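Here is the structure we will look at, set down as structure tokens.
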Amino acid sequence: MAHSDTLETALALLAESDRSGRATVTHTQEQIRRAFAVAVSLEALARGFKRREEDRCSFPLTDARQAAYDRADVKAEEKVRITLAPYGLAASIGGDPRGSQIHILTPRTGRANTLGGREAGWAV
């Protein structure tokens, strides 16, 4: 993902987690830096989900490989949950390798960057 997309994800995290109710909010450089790091982490987790889903769709997997992928998915889902917890956000994890694997749910602001709109949330 390009840095501009990562920054947009970071800003979506900050906007969705803001509870001040003000129309315009100023964030510190440190808040933006931390949100950017979270966005980078989410992108890495999304790449892992995508790679495993592509393998599942493209190759017959052995039982051992399928079990390993299932364990990796559970760990990654937990990491996504922990990563978003400080922002008070949740995510939807997709299973279709053709699209985004992680969608941050944005009920407060309704921000979206996909054709799924508000219901789909913010795709990482």
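Points to keep in mind about this one:
- Among the residues of the range 48-71, at least one is part of a helix (DSSP H, G or I), under 16 Å from W122 (Cβ atoms) and in contact (Cβ under 8 Å) with a residue 40 or more places away in the chain.
- Summed over the range 85-123, residues that are part of a loop (DSSP other than H, G, I, E, B) and over 26 Å from F59 (Cβ atoms) total 17.
- Test: A112 is within 15 Å of T9 (Cα to Cα), within 14 Å of the chain's Cα centre (by Cα) and modelled with pLDDT under 95: yes
- Within the range 15-31, tally of residues that are out of contact with any helix residue (DSSP H, G or I) (no Cβ under 6 Å at 6 or more places or on another chain), in a helix (DSSP H, G or I) and closer than 16 Å to R111 by Cβ: 2
- Whenever a residue of the range 109-124 is farther than 11 Å from L89 by Cβ and without any contact (Cβ under 8 Å) to a residue 40 or more places away in the chain, its partners that are in a helix (DSSP H, G or I) and of a type in the set (K, R), lying with C-beta atoms within less than 7 angstrom and at least six residues away or across chains, give the pairs G110/R118; A112/R118.
- Residues of the range 24-66 that turn out to be surrounded by 13 or more Cβ atoms within 10 Å (Cβ to Cβ), farther than 25 Å from A91 by Cα and of a type in the set (G, A, S), as a count: 0
- Single unsatisfied condition, I93 versus (1) surrounded by 12 or more Cβ atoms within 10 Å (Cβ to Cβ); (2) modelled with pLDDT of 95 or more: (2)
The values are calculated or read from the model by the stated rules, or taken from the named source; none is laboratory data. All figures in this text were calculated on a predicted structure; none of them were measured in a lab. Every residue, glycine as well, gets a Cβ built from its backbone with ideal geometry; the counts of neighbours run over all protein chains shown.
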